[in-house]
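Can you read through this structure? Questions will come right after.
The values are calculated or read from the model by the stated rules, or taken from the named source; none is laboratory data. These figures come from a predicted structure and were not determined experimentally. Cβ: placed from backbone, ideal geometry, glycine included. Neighbour counts: every protein chain shown. The protein model used for the area step is the full one, side chains on, heavy atoms only, and it has no ligands, DNA or RNA in it. Shrake-Rupley method; radii C 1.70, N 1.55, O 1.52, S 1.80 Å.
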Amino acid sequence: MGSNMAECHPVAFRWPLKARTEHDAVLMHVDPRFTRTSAACDLHVPIRAGSDIAFLGAIINHVINSKRWNEDPFFREYVVNYTNAATLVNPEYKDTEELGGVFSGLAPNGKSYANASWSYQRNPAPPKGKAGLGPFSDLLLQQVPGRPKTDPTLEDPQCVFQIIKKHFARYTPDLVGRVCGCTPEQFLKVADTMLNNSGRDKTSNITYAVGWTQHTVGVQIIRAAAMLQALLGNIGRPGGGVLALRGHATIQGSTDIATLYHSLPAYLNMPDGRKNHETLKDFILTEGGPAATSYWGNYPKFAVSYFKAQYGAAATAENDYGYNYHPRITGDHSHMPMMLDMAAGKIKGFFVMGQNPAVGGQNARLQRKALAKLDWMVVRDYFETETAAFWRNSPEVISGELKPAEIKTEVFFLPAAAVAEMEGSFTNTQRLLQQHDKAADPPGDARSDSWFTYRLGKLLKEMYRDSPLDIDWGVKNLAWDYDPEAKEVAPWRIKDEPSAYRVLKEINGYTVADQKPLPTFANLKEDGSTACGAWIYTGVIPEEGKNNAARRKPDDWISPNWGFAWPANRHIMYNRASADREGKPWSEAKKLIYWDPAADSGTKDPAGNPVKGKWVAPSGEGIDFQPTKAPGFIGKDAALGFDWLSGNDAFIMRPDGKASLFVPAGLVDGPLPTHYEPYESPVKNPVYQQQVNPVAKVWQVNGNSYHAVADPKFPIVVSTYRVTEHHLSGTMSRWLPWLAELMPELFCEISPELAAEKGIKNAEYVTIQTARGEIQARALVTRRMKPFTIDGRKVHEIGIPWHWGWQGNAAGDVANDLSAMVGDPNVSIHEGKVFTCDIRAGRKGGRI
Amino acid sequence: MKLSRRKFLKVTSGVVGGGVAAELGLLGVNTAAAAAKAGKVPIKTGRQVPSICPYCAVGCGQIVTVSDAGEIVDIQGNPDSPISQGTLCPKGAATFQLVKNEQRWTTVKYRAPGSDRWEEKPLDWAMHRIAELTKKTRDAHFNEFQELPDGKDGTVKKRVMNTYALASLGGATMDNEWNYLHQKLMHGLGVVYLENQARI
């Protein structure tokens, strides 16, 4: 669901196809369009864009009320032990069933939630003695709450399981028919296939892509899938899971080592002026406290080691490791508000590296016009992208709306090296780090991206070298020495490339005293004796001179000696759940890791006798659990991290060790997925009185107008998407003659029914219009698209790929000129997968 | 760049070869004829350098072939990769044209404020100019403290150590090592508008 895998991730799609041909796997595709993926699946079920939660919620409802799920003890054992189904929730909690589609805690203005009523019921906090764990950890320990109360019979009306049962009771096959537009029979086929192919001997997988993220309820769609998989016992087991198919070579790496406003590397939160983050202690207690009973109990070690990597010798215990000099965020500084602030003249200087917002950004017209408000902009890329050329020949310049003479932006284009022309690593969508070697120098003045940032940093550090000012301390003291050894650059013309190895070693972490790489994150300290850029990558350089990302020894299953999967070469996260409560594999067919009671643990008891028993993985898979913790171990109440977690707490990054069917804290739009209509929709919400996600991110500003619900001017649903021959905004594909010729022109997929209504003929031009903009495209009239009947009304849907712009060998209008800036409240991702529009025959300006 | 159909076909046939054939095999298409033809396509020889596909996040293995003169002459799928087993999609199979492309810019281009044209500039000049602009913009718009909501309808002066005048966009197509260096430098400077494609 939410993915056209055959088209967008074709090489990965070989594996489900192989499972189908060699192991009789059933492939099902639930998607608004019939695509190349649908063609290769056993079943395609068309659903209206934006109705995914209704569909998934109904599967959850179907599963937990089914005979199989209630009678096969596997499901009960998995769910009671590994999820929070048994946990009791605060009696103050009120569900959408009681409040017309919203949860308790909604502010009077309806724009934000307070989550106190979503909390767990807990036992009294345990008494804590003097621990001697470390300066920050001792304080963290004082915050550890009592254990959550549970009812393992799942009967208590306040237990998570009963709350879920009530919450999804109205998500019936008939409701799916009304909301999604498929038949109840089609839905039941999918639900039963999932159910019957999950259990002790079989697992089912759900794979998605941006078809799920690009919604105002994106996070909750993925949550719904994760809940279903947890209820079916499909998490932490081979063949199970919820897999994200991501779209750039290291989009995973750039999320892990975040070039994102809200996150420090390795999922530490960014210091925030709005929170209690005054000192490093405040920061650690605020951010580490809520999850201190999970592996996040090591937050002090991760944080201190990050600041040691950032400021090197200048970071000391006395100056809070430089924390005072680190920037704080003060709001949502993500892509869309960034461009709006740019349009308002707040941003003066802009680095755009390997991205093309003039085409790829939502409401791209507004984003292009924002570039004209800058004082200066640096673009690094291979070709003259639309972003680089906005001042010269953008649609706004051609129309006369912008005049080059009046655009004051000083623009630099710096040519970039290709991947084959530099050494470095990418992290793929499976969290696997893979090294690429340098094959040749880049041509002319083209340089690697790292060269640019390293050189810029050196120049700036030189400028700030003698500054006595507090505000310059952070840049002046930035640890910035990645000069290569002579042998690293000996074969090359360019001698001042930074050493990729030295950078990766700092990411991995090392002991400050002897500069030796750390083999595991268990070696990190909170006293400043270790430096580590991103703790989740520790182990990629386990010893000096050894790079696990460059391992290239494949095998026929997990391939533990090919690259390096973070964390600690664990390919399937939470894989403790691949064994039952006692640590035995659920079945021979699905064996992955298990407890071997006879194996030598390598440890000794207080009397000096060897201790028997440890977790083993014959495949070489990394064990995502404490290696010698027995399945029956009972965690200590007054403890942090692993010491708090018990032997059946498989979900070691969760504060209760359990998969969160219900999320007491961490989401801003409710503890459970709920069907809301897309922000722009042709129908009223058939499920609740509440129309849209009440806390969705909305920007009511000039140039970003929204369409009303069931707006007669914009009655048609539109989705944007990709084709296999192009890559995203096209900067890496539209300039390549092979790819440009394979897919030369923008088109719009239209059902024969809509074409007949509008007098549109195949291959002729159509014009698509929204309140944001207007584009033209060739009509592709096809039975792959079909109208839906939603709540008794006919709803047309069209589809437009978004790869084109006015530059390159294959040029076309910018599909994102149509879309609006509106976003998911948790992560600020836009709703490009569904909005409304109108369409007519003929070109823009009335030409045929 | 003008490309004749003949030239297009000539170059295409050399690249698609085994990858597509292997994929179609799984779709139930008889690929024997294509495989036989692929076997006759001359394979470029040279030093083989292991690499990773620059396009999506599947992470297919590539082998970059380098001639004795140090030129990249071919980029193909890496049969050792347990992810891709030698196959590539149309984009991955076209990677060679991303590297060797007449339209690729290899010098610094500069557009002065209000100008209607690009000028060519030395790399070193551009780096110094960009560093100066970065410092000037940062210093003119740096916030040590800021009044922020105190949660009780008032405001409170908080230390923020940031600048809202600089922004950075991009990163998902660049190395992990770059992402690390760049976030480090941006955080060193106080930049908070730091974003990449993970948001789209």
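Quick one: is A:Asp669 at pLDDT 95 or above and either farther than 20 Å from A:Arg122 by Cβ or surrounded by fewer than 22 Cβ atoms within 10 Å (Cβ to Cβ) (or both)?
In short, yes.
Same structure, new question: Just name the residue that is most open to solvent (accessible area, probe 1.4 Å) out of those in segment A:371-382 that are in contact with a strand residue (DSSP E or B) (Cβ under 9 Å, 6 or more places away or on another chain) and not charged (D, E, K, R).
A:Tyr382
Give the residue, chosen from B:Gly46, B:Gly86, B:Gly77, that is over 23 Å from the mean Cα position of the chain (by Cα) and more than 8 Å from chain A (Cβ to nearest Cβ).
When all the criteria are applied, what remains is B:Gly46.
Would you pick out the residues in segment A:707-728 that are open to solvent by less than 10 Å² (accessible area, probe 1.4 Å) and facing another protein chain (nearest Cβ under 10 Å)?
Selection gives A:Val723, A:Thr724, A:His726, A:His727.
Across segment A:486-536, what is the number of residues that are within 24 Å of A:Gly253 (Cβ to Cβ), open to solvent by 10 Å² or more (accessible area, probe 1.4 Å) and hydroxyl-bearing (Ser, Thr, Tyr)?
3
Filter segment A:489-500 down to the residues that are more than 9 Å from chain B (Cβ to nearest Cβ) and either in contact (Cβ under 8 Å) with a residue 60 or more places away in the chain or in contact with a strand residue (DSSP E or B) (Cβ under 6 Å, 6 or more places away or on another chain) (or both) and list them by number.
Within segment A:489-500, A:Glu497 is the sole residue that qualifies.
Kindly indicate whether A:Pro357 is within 11 Å of chain B (Cβ to nearest Cβ) and more than 19 Å from B:Asn143 (Cα to Cα).
Answer is yes for this residue.
Mind telling me which of the residues A:Asn826, A:Asn809, A:Asn816 ends up being in contact (Cβ under 8 Å) with a residue 60 or more places away in the chain, open to solvent by less than 20 Å² (accessible area, probe 1.4 Å) and in the same structural domain as A:Thr724 (by TED's automatic domain parsing)?
Just one listed residue meets the conditions, A:Asn816.
Among the residues of segment A:65-79, what is the count of those that are crowded, with 20+ Cβ neighbours inside 10 Å and either in a loop (DSSP other than H, G, I, E, B) or among the β-branched types (Val, Ile, Thr) (or both)?
Residues in segment A:65-79 being crowded, with 20+ Cβ neighbours inside 10 Å and either in a loop (DSSP other than H, G, I, E, B) or among the β-branched types (Val, Ile, Thr) (or both): 1 in total.
If you don't mind, another one. When you look at A:His262, is it within 12 Å of chain B (Cβ to nearest Cβ), open to solvent by less than 30 Å² (accessible area, probe 1.4 Å) and in contact with a His (Cβ under 9 Å, 6 or more places away or on another chain), yes or no?
No.
Here is a yes/no grid of residues against (1) open to solvent by less than 50 Å² (accessible area, probe 1.4 Å); (2) part of a loop (DSSP other than H, G, I, E, B); (3) within 22 Å of A:Lys658 (Cα to Cα); (4) at pLDDT 95 or above:
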| position | (1), (2), (3), (4) |
| --- | --- |
| A:Phe103 | yes, yes, no, yes |
| A:Ser117 | yes, no, yes, yes |
| A:Ala125 | no, yes, yes, yes |
| A:Gly129 | no, yes, no, no |
| A:Gly132 | no, yes, no, no |
| A:Leu141 | yes, no, yes, yes |
| A:Thr153 | no, yes, yes, yes |
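From the list B:Trp125, B:Trp105, which one is aromatic (Phe, Trp, Tyr) and facing chain A (nearest Cβ under 7 Å)?
B:Trp105
Can you name the number of the only condition in (1) within 7 Å of chain A (Cβ to nearest Cβ); (2) free of Cβ contacts under 8 Å to residues at least 40 places away in the same chain that B:Gly190 fails?
(2)
Let me confirm something: among A:Leu460, A:Leu478, A:Leu469, A:Leu456, which residue is within 30 Å of B:Glu144 (Cα to Cα), open to solvent by less than 70 Å² (accessible area, probe 1.4 Å) and without any contact (Cβ under 8 Å) to a residue 12 or more places away in the chain?
A:Leu456
Residue under question is B:Arg199, and the condition is that it be of a type outside the set (A, V, I, L, M, F, W, C) and either more than 24 Å from the chain's Cα centre (by Cα) or more than 7 Å from chain A (Cβ to nearest Cβ) (or both); does it hold?
no
Does segment A:414-432 hold any residues that are more than 7 Å from every other protein chain (Cβ to nearest Cβ) and assigned to a strand (DSSP E or B), and which are they?
Listed by number, the list holds a single entry, A:Ala416.
Right, another one. If the Cβ limit is 9 Å and pairs must be 6+ apart or interchain, which residue in segment B:66-79 that is within 21 Å of A:Arg552 (Cα to Cα) pairs with which residue that is at pLDDT below 95 and of a type in the set (A, V, I, L, M)?
Partner pairs satisfying both residue conditions: B:Asp74/B:Val15; B:Asp74/B:Ile43; B:Ile75/B:Val15; B:Gln76/B:Val15; B:Gln76/B:Ile43; B:Gly77/B:Ala22.
Is it fair to say A:Asn816 is outside any loop (DSSP other than H, G, I, E, B) and among the polar types (S, T, N, Q)?
Yes: the conditions hold for A:Asn816.
Quick one: which residue in A:Lys275, A:Lys281 is touching a Leu at 6+ places or on another chain (Cβ under 9 Å), more than 9 Å from every other protein chain (Cβ to nearest Cβ) and either surrounded by fewer than 24 Cβ atoms within 10 Å (Cβ to Cβ) or more than 30 Å from A:Asn205 (Cα to Cα) (or both)?
A:Lys281
Of the conditions (1) within 7 Å of chain A (Cβ to nearest Cβ); (2) touching a His at 6+ places or on another chain (Cβ under 9 Å); (3) open to solvent by less than 20 Å² (accessible area, probe 1.4 Å), B:Tyr180 clears all except one; give me its number.
(2)
Okay, next question. Taking only segment A:466-488 into account, find how many residues are more than 12 Å from chain B (Cβ to nearest Cβ) and more than 36 Å from the chain's Cα centre (by Cα).
Number of matching residues: 5.
While we're on this one: Of A:Gly211, A:Gly239, A:Gly297, which residue is open to solvent by 30 Å² or more (accessible area, probe 1.4 Å) and either within 14 Å of another protein chain (Cβ to nearest Cβ) or farther than 30 Å from B:Thr163 by Cα (or both)?
On inspection, the qualifying residue turns out to be A:Gly239.
Then there's this: What's the number of the only condition in (1) surrounded by fewer than 15 Cβ atoms within 10 Å (Cβ to Cβ); (2) modelled with pLDDT of 95 or more that A:Val611 fails to meet?
The one condition A:Val611 does not meet is (2).
Sticking with this one: Looking at segment B:53-70 only, could you name the residues that are within 7 Å of chain A (Cβ to nearest Cβ) and either over 24 Å from A:Ala740 (Cβ atoms) or among the basic types (Lys, Arg) (or both)?
B:Gly59, B:Val66, B:Gly70
Do the conditions hold for A:Asn704, that is, is it under 27 Å from A:Asp332 (Cα atoms) and part of a loop (DSSP other than H, G, I, E, B)?
Yes, satisfied.
Turning to a different aspect of this structure: Across segment B:128-152, which residue is nearest to the other protein chains (Cβ to nearest Cβ) among those that are open to solvent by 60 Å² or more (accessible area, probe 1.4 Å), among the basic types (Lys, Arg) and more than 15 Å from A:Phe452 (Cβ to Cβ)?
In this case the residue turns out to be B:Lys136.
Looking at segment A:1-18 only, could you name the residues that are among the hydrophobic types (A, V, I, L, M, F, W, C), farther than 22 Å from A:His727 by Cβ and either facing another protein chain (nearest Cβ under 7 Å) or without any contact (Cβ under 8 Å) to a residue 60 or more places away in the chain (or both)?
Result: A:Leu17, single match.
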